[in-house]
Amino acid sequence: MGFPVLSVLILLPLAGAAWILFSGSAENARWTALIVTLVELAIGIALWLGFDNSTAAFQYVENLPLFAPYFSWHLGIDGIALMLIVLSVFLMPLCILASWTSIQKRVPEYMAAFLLMETLMLGVFASLDLFLFYVFFEGGLIPMYLIIGIWGGARRIYASYKFFLYTLLGSVLMLLAMLYMVGVAGTTDIRALLTYDFDPAAQTWLWLAFFASFAVKMPMWPVHTWLPDAHVEAPTAGSVILAGVLLKLGGYGFVRFSLPMFPEGSAQFAPLIFTLSVVAVIYTSLVALVQTDMKKLIAYSSVAHMAFVTAGLFVFNTQGVEGGIVMMLSHGVISGALFLCVGVVYDRLHTREIARYGGLADNMPRYALFFLLFTMASVGLPATAGFVAEFLVLTGSYRTSAWLGAGMTMGIILGAAYMLWLYRRVIYGKLVHADAAAMPDLSMREAGILLAAAVPVLWMGIYPESFMKPLHAPVASILARVERAALLLPAVVPARAGPAR
Amino acid sequence: MNQTFASIQIAAPELVLTVGALFTLMLGVFRGDRSLVPLTWVCVLIFAIAGFAAVTGVPGLAFGGLYIADGFSVFLKVLILGAAAVSAVLALPYLATTETGRFEYPVLLVLSALGMCMMVSAHDMLSLYIGLELQSLAAYVLAAFHRNEAKSSEAGLKYFILGALASGILLYGISLVYGFAGTTDFAVLGDATRSTGIMFGLVFILAGLMFKVSAVPFHMWTPDVYEGAPTPVAAFFAAAPKAAAMGLLVRVCVEAFGGMTFDWRQIVTFVAIASMLLGAAGAIGQTNIKRLLAYSSIANVGFALIGLAAGTIAGITGVLFYMAVYLVMTLGSFLCVLQMRDADGRPVETLASLAGLSRSRKGLAAALAVFMFSLAGIPPLLGFWPKFAVFTAAIEAELYLLAVVGVVASVIGAYYYLRVIKAMYFDEPGPAFAASNSAVNAALIGIAALVCSPLGMLAIGPLAGAARDAATALF
């Protein structure tokens, strides 16, 4: 075992949080948090550069039996986990910077909660022990509950309860399934469980229990209702982390657990996933169209985009699965950036009502430019990250079921409608509100944040291979694992997977 | 003669407590109430000596099979004595400020601890009853310790009447079992043939014991007594007697009625489900923190009973592990409640008075938040792991329904723990509490919070190992 780089990656923010809480002052807290997250970003990039893309094996593995006999401190990452870790450490400094002036209340606690959040998120992606994964997965509820409840908007208390209890109910069922798996397989090592063949009859229940957890986290229609509330009430940076990383936990769970551990279960329930995805894409897009709150609109668009992820992951072919993962990455950056854009105007006017804005292109041209880029990326314009992801998912779904492909395409059309209409109402038109007209353009700090977010959006759109290279080997190994069950799939799908409404 | 001597050696912890209780009683009578503080520390010393005697003692049967010292009893005795010692110390500031500073307090704790040690070492229905009664009598007096206050007297009286009823039911069950099996010895009972009469006896005995662990449907006294009794006494009730009664229940089920596992498992399963659900639902409407903690203890007993329902070594390990962690969490929570005093130093108990505590008393709020998240069973806090242990046992024993109800109840329960956190962290501050008046209590809160924090996970290995050794002694 070499240098425990993953342990350092996970524990450094924790140490930072402890230091912030002990030292106290707001200024100190901001700088400490920024420095820690930047160091984390550097470590993340170093991991990426040193990563061997040719193999699906887990790398940077560490194993310490600290918590025997229940579980052990067992870490390691493959390409999928690597890219999600890179996404997390990339978004973190942006969140800290976005909260620099907008958070004035209890700053040390706020920064500490964010660093704690980072520890737990990175832990989820780097865990190679089933229960260590669960600990990180579930532990993330605590800081997020506090972030929403303390620094959120008017209905923050309702939103924080809803977020906590909803996601907790999902995960405890997964816990029971995990206990059963460990009882049967006799190990908590994820690598061993990945190759263990569970009884197909048991897989049905196990798959459903995991689905309960991941579907809520994802979130999939119809259990998505916590998300708009949590998003609207959370502070800007909280929304960024929620959309950028926390929603990815569900998708990551599907890729890491549901697919390779329960191939038969996955094939059995693929039609369910497809139906829910198509419903989600169309229904939540329509709901997004009628929103009057900017954040709520973007929250619903997140649900629609997550439906692309679920559809892609369960079509059992390379394009679909890779597309689903790329969708997670691109959505992480794009929706994060969109929430940052909302945050910029919210900081000035303290309202998210779309009708209170309009005509911002006149007094905030630089803001309009960035907002345009991210809107287009969300719609899926070629040469942006969104296009690559949507194209791959659509190709993959069409190969499995034409109905599915058609249903998902509807989502793209509707997506263009609500995003462009949002943009038109906020940026174009006449400056009718005096207070909106008085808003200054982006400050250097805000422009820097949005510029940093714009770089990966364009990079991923123009040369996606940089981001997809680490994904090829692990995706191929997952597909090899589900191959035997994939035979069950075509017989079922065309008959049932229509855009049921 | 030799046999008596050997028996005395085996029962050394009880002997230490007996002599200690008499000694402190004498000391108190002669020196009066002003000796409360030194007397308390003498009692802590007695607890420590008794604990040392238990750990280093000789295992075996004593007094002709009435008494047993084994790994199981030693594990529980350490918990009981530790909790009793903490209960003695944490009461000092309260006793000094509320005109209840009488020397009997620590002496009663020693007597109660003696009864509890007897309970977990009972190997015969008669010694079981003696231990239980000794513990209960001391507890009745303690509940009414604030004798000038109507609420406290009411709590004592209520506890006494209901407790006496439960004791009667228990005794009736014992007599039935004796009538049909012809013995009160656990070892002989374990081999007795199953009959309807013994079944009836079993039901009555379980009803009596369920009262002592405050499991549904014998829980009604708990919220009232916790609310009425002085806070340090409520802390004591929530901790040590729960562990002792749970240990007793486990030993009766596994040793005395080991041949009737199928029968008592149904009862235990029902009681576990009822306790978890009612404990979780009943707490939702509470506005008094002590009543809330009472319902929390009911729910927690339900979770621990899952392990007993499994009836395996893993299950009993889960019960013991659960009780150990539960003691720390609940004592920590009550220590925090003791800190809730208004500017004049009078105790306040409403949930609303916690509003904004995270700004006026950062450390206290953080500690209470740790205890609440831990009681709710959210990883990575330590309180998650005992739940994990009992659920593992339930899944291994294929009690899937029980496990599913358990996790659903834990989600319902999470709601009211979150309410406490919401009051402390989300609400605007109200009038501030008085500053801490005891460095010892502050230190105890700190230690308990540290144990319940994620750092406590490092203790999983040794603690679960010890619990496993203790559970193995029963099989």
task = Pull up the range A:383-421, narrow it to residues that are under 29 Å from A:Ala270 (Cβ atoms) and open to solvent by 60 Å² or more (accessible area, probe 1.4 Å), then point me to the one that is nearest to the chain's Cα centre (by Cα).
result = A:Phe387
key: Hits in the range B:447-458 (condition: open to solvent by less than 40 Å² (accessible area, probe 1.4 Å) and either away from every other protein chain (no Cβ under 13 Å) or part of a helix (DSSP H, G or I) (or both))   = B:Ala448, B:Ala449, B:Cys452, B:Gly456, B:Met457
note = In the range A:194-240, residues that are aromatic (Phe, Trp, Tyr) and outside any loop (DSSP other than H, G, I, E, B) total 6
key: Flag for B:Ala394 being without any contact (Cβ under 8 Å) to a residue 60 or more places away in the chain and aliphatic (A, V, I, L, M)   = no
message = Which count do you get for residues in the range B:425-453 that are within 21 Å of B:Phe384 (Cβ to Cβ) and in contact with a Leu (Cβ under 7 Å, 6 or more places away or on another chain)?
response = 6
remark   = Across (1) open to solvent by 10 Å² or more (accessible area, probe 1.4 Å); (2) closer than 23 Å to B:Phe270 by Cβ, B:Val328 clears everything bar (2)
Output for the range B:95-126, where each listed residue is in a helix (DSSP H, G or I), more than 21 Å from B:Leu22 (Cα to Cα) and open to solvent by 30 Å² or more (accessible area, probe 1.4 Å) = B:Ala96, B:Thr97, B:Leu126
message = Can you pull out every residue in the range A:131-161 that is modelled with pLDDT of 90 or more and either away from every other protein chain (no Cβ under 12 Å) or outside any helix (DSSP H, G or I) (or both)?
response = none
request  = Please determine, by comparing only the residues of the range A:170-187 that are of a type outside the set (A, V, I, L, M, F, W, C) and open to solvent by less than 10 Å² (accessible area, probe 1.4 Å), which one is nearest to B:Ile378 (Cα to Cα).
outcome  = A:Ser171
inquiry  = If I filter the range A:77-98 for residues that are open to solvent by less than 40 Å² (accessible area, probe 1.4 Å), within 14 Å of chain B (Cβ to nearest Cβ) and farther than 22 Å from A:Pro474 by Cβ, do I get at least one hit?
reply    = no
request  = Might you let me know whether the range B:412-422 holds any residue that is in contact with a helix residue (DSSP H, G or I) (Cβ under 7 Å, 6 or more places away or on another chain), open to solvent by 30 Å² or more (accessible area, probe 1.4 Å), modelled with pLDDT under 90 and away from every other protein chain (no Cβ under 12 Å)?
outcome  = no
query = Is it the case that the range B:328-337 has a residue that's out of contact with any His (no Cβ under 6 Å at 6 or more places or on another chain) and free of Cβ contacts under 8 Å to residues at least 60 places away in the same chain?
reply = yes
Filtered residue count, the range B:299-322, keeping only those that are buried (at least 24 other Cβ atoms within 10 Å of the Cβ) and either of a type in the set (Gly, Ala, Ser) or within 20 Å of B:Val404 (Cβ to Cβ) (or both) = 16
ask   = Of all helices (runs of 4 or more DSSP H) completely enclosed by the range B:338-401, which ones contain at least 3 residues that are within 30 Å of B:Ala467 (Cα to Cα) and away from chain A (no Cβ under 11 Å)?
value = B:362-376
ask   = What is the one condition in (1) aliphatic (A, V, I, L, M); (2) open to solvent by less than 10 Å² (accessible area, probe 1.4 Å); (3) farther than 30 Å from A:Ala177 by Cβ that B:Ala352 does not satisfy?
value = (2)
key: Residue that is modelled with pLDDT under 95 and in contact with a strand residue (DSSP E or B) (Cβ under 7 Å, 6 or more places away or on another chain), where the choices are B:Ser73, B:Ser87, B:Ser121   = B:Ser121
request  = Only one of these is free of Cβ contacts under 8 Å to residues at least 12 places away in the same chain, within 21 Å of the chain's Cα centre (by Cα), closer than 24 Å to B:Ser275 by Cα and buried (at least 23 other Cβ atoms within 10 Å of the Cβ): B:Phe384, B:Phe373. Name it.
outcome  = B:Phe384
key: Residue match in the range A:444-455 (condition: among the β-branched types (Val, Ile, Thr), out of contact with any helix residue (DSSP H, G or I) (no Cβ under 7 Å at 6 or more places or on another chain), open to solvent by 60 Å² or more (accessible area, probe 1.4 Å) and under 28 Å from A:Asp52 (Cβ atoms))   = yes
ask   = Taking B:Ala166, is it assigned to a helix (DSSP H, G or I) and either within 20 Å of B:Ala235 (Cα to Cα) or open to solvent by 30 Å² or more (accessible area, probe 1.4 Å) (or both)?
value = no
inquiry  = Between A:Leu249, A:Leu227, A:Leu208, which is open to solvent by less than 10 Å² (accessible area, probe 1.4 Å) and closer than 28 Å to B:Thr392 by Cα?
reply    = A:Leu249
ask   = For residues in the range B:431-443 being open to solvent by 40 Å² or more (accessible area, probe 1.4 Å) and either touching a residue at least 24 places away in the same chain (Cβ under 8 Å) or part of a helix (DSSP H, G or I) (or both), which is farthest from B:Leu357 (Cα to Cα)?
value = B:Val440
query = In the range B:331-349, what residues are open to solvent by less than 10 Å² (accessible area, probe 1.4 Å) and of a type in the set (Lys, Arg)?
reply = none
Residues that are within 18 Å of A:Leu6 (Cα to Cα) and open to solvent by 60 Å² or more (accessible area, probe 1.4 Å), drawn from the range A:47-67 = A:Leu49, A:Asp52, A:Tyr60, A:Asn63, A:Leu64, A:Pro65, A:Leu66
key: Number of the condition not met by A:Val107 [criteria: (1) under 30 Å from B:Gly456 (Cα atoms); (2) modelled with pLDDT under 90; (3) away from chain B (no Cβ under 14 Å)]   = (3)
message = Let me spell it out: the conditions are (1) over 26 Å from B:Pro93 (Cα atoms); (2) open to solvent by less than 40 Å² (accessible area, probe 1.4 Å); (3) away from chain A (no Cβ under 11 Å), and B:Thr472 meets all of them except one. Which number is the exception?
response = (2)
task = Might you let me know whether the range A:260-267 holds any residue that is within 30 Å of A:Ala98 (Cβ to Cβ) and either among the aliphatic types (A, V, I, L, M) or open to solvent by 10 Å² or more (accessible area, probe 1.4 Å) (or both)?
result = no
message = Being part of a helix (DSSP H, G or I), free of Cβ contacts under 8 Å to residues at least 60 places away in the same chain, more than 10 Å from chain B (Cβ to nearest Cβ) and surrounded by 21 or more Cβ atoms within 10 Å (Cβ to Cβ): is that true of A:Phe164 here?
response = no
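The values are calculated or read from the model by the stated rules, or taken from the named source; none is laboratory data. Remember, it's a predicted structure, so these values are computed and weren't measured experimentally. Ideal geometry is used to build each Cβ from the backbone, glycine not excepted, and the neighbour counts take in all protein chains shown. Keep in mind that these areas ignore ligands, DNA and RNA; they rest on the heavy atoms of the full protein, side chains included. Shrake-Rupley method; radii C 1.70, N 1.55, O 1.52, S 1.80 Å.
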